[in-house]
Amino acid sequence: MIYVLSIGFVLLGLVSLLAAVTGRRGLVCDRRRGYEVPAAVAADPELTRKANALVASWCARAAMLSVPPLVPLGFAMRADEQQPLSLTALLALAGYGFLIVVMGRYPFERIKRMGDGS
């Protein structure tokens with residue numbers, strides 16, 4: 001179970017980091033290398049700049065927040081006698097992972113609203 005959780009947080013961090021790099025490079029609105037965005041956002045240079053900045057900053061934060069759970073999970077993996085995680089620890093890790101996913105998803109929802117004129 002500890003290995004699965006560790007792999008999940010590593011993958012969450014890598015996906016968030018990939019999105020942050022895409023935003024940092026200014027490729028969020030590029031249909032081939034970026035993401036699907038509303039046409040109004042892709043057509044307006046100012047909205048494109050904001051979209052790239054949103055994705056770069058929020059996804060970088062999500063990637064950084066994916067690392068701290070790996071420390072106690074790593075110690076738990078290295079322990080001589082691996083004990084199963086308590087229900088409280090599992091719920092805390094699930095809630096923390098959910099918050100990271102919400103943080104990584106936020107800029108994309110905001111970009112959709114930018115295309116609506118908000």
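When the residues of the stretch 1-33 are filtered to those that are of a type in the set (S, T, Y) and under 18 Å from L70 (Cβ atoms), which remaining residue is most open to solvent (accessible area, probe 1.4 Å)? Talk me through it step by step, then tell me what you get.
If we filter the stretch 1-33 for residues that are of a type in the set (S, T, Y), which is where we start, we get 3, 6, 16, 22.
After this cut, where a residue has to be under 18 Å from L70 (Cβ atoms) as well, the list is 3, 6, 16.
Details: Y3: 121, S6: 12, S16: 10 Å².
Looking at the filtered set, the residue picked out is Y3.
Applying the criterion of being among the aliphatic types (A, V, I, L, M) and free of Cβ contacts under 8 Å to residues at least 60 places away in the same chain to the residues of the stretch 99-118, the residue that is least open to solvent (accessible area, probe 1.4 Å) is M103. Please determine whether any residue of the stretch 60-81 is assigned to a helix (DSSP H, G or I), more than 18 Å from the chain's Cα centre (by Cα) and among the charged types (D, E, K, R). Taking every residue of the stretch 60-81 in turn, at least one turns out to be assigned to a helix (DSSP H, G or I), more than 18 Å from the chain's Cα centre (by Cα) and among the charged types (D, E, K, R).
When T88 is tested against (1) at pLDDT 90 or above; (2) closer than 21 Å to V10 by Cβ, exactly one condition is not met: (2).
One residue stands out in the stretch 34-58 among those that are touching a Pro at 6+ places or on another chain (Cβ under 7 Å) and open to solvent by less than 40 Å² (accessible area, probe 1.4 Å): the one that is farthest from L18 (Cα to Cα), namely L54. Selection of the stretch 80-98 for residues being in contact (Cβ under 8 Å) with a residue 24 or more places away in the chain and open to solvent by 100 Å² or more (accessible area, probe 1.4 Å) yields only P84.
Of the listed requirements (1) open to solvent by 30 Å² or more (accessible area, probe 1.4 Å); (2) in contact (Cβ under 8 Å) with a residue 40 or more places away in the chain, P69 misses just one: (1).
The values are calculated or read from the model by the stated rules, or taken from the named source; none is laboratory data. The model shown is predicted, which means the values in this text are computed figures rather than measured ones. Every residue, glycine among them, receives a Cβ derived from its backbone with ideal geometry; neighbour counts consider all protein chains shown. Calculation scope for accessible area: heavy atoms of the full protein, side chains included, ligands and nucleic acids excluded. Shrake-Rupley method; radii C 1.70, N 1.55, O 1.52, S 1.80 Å.
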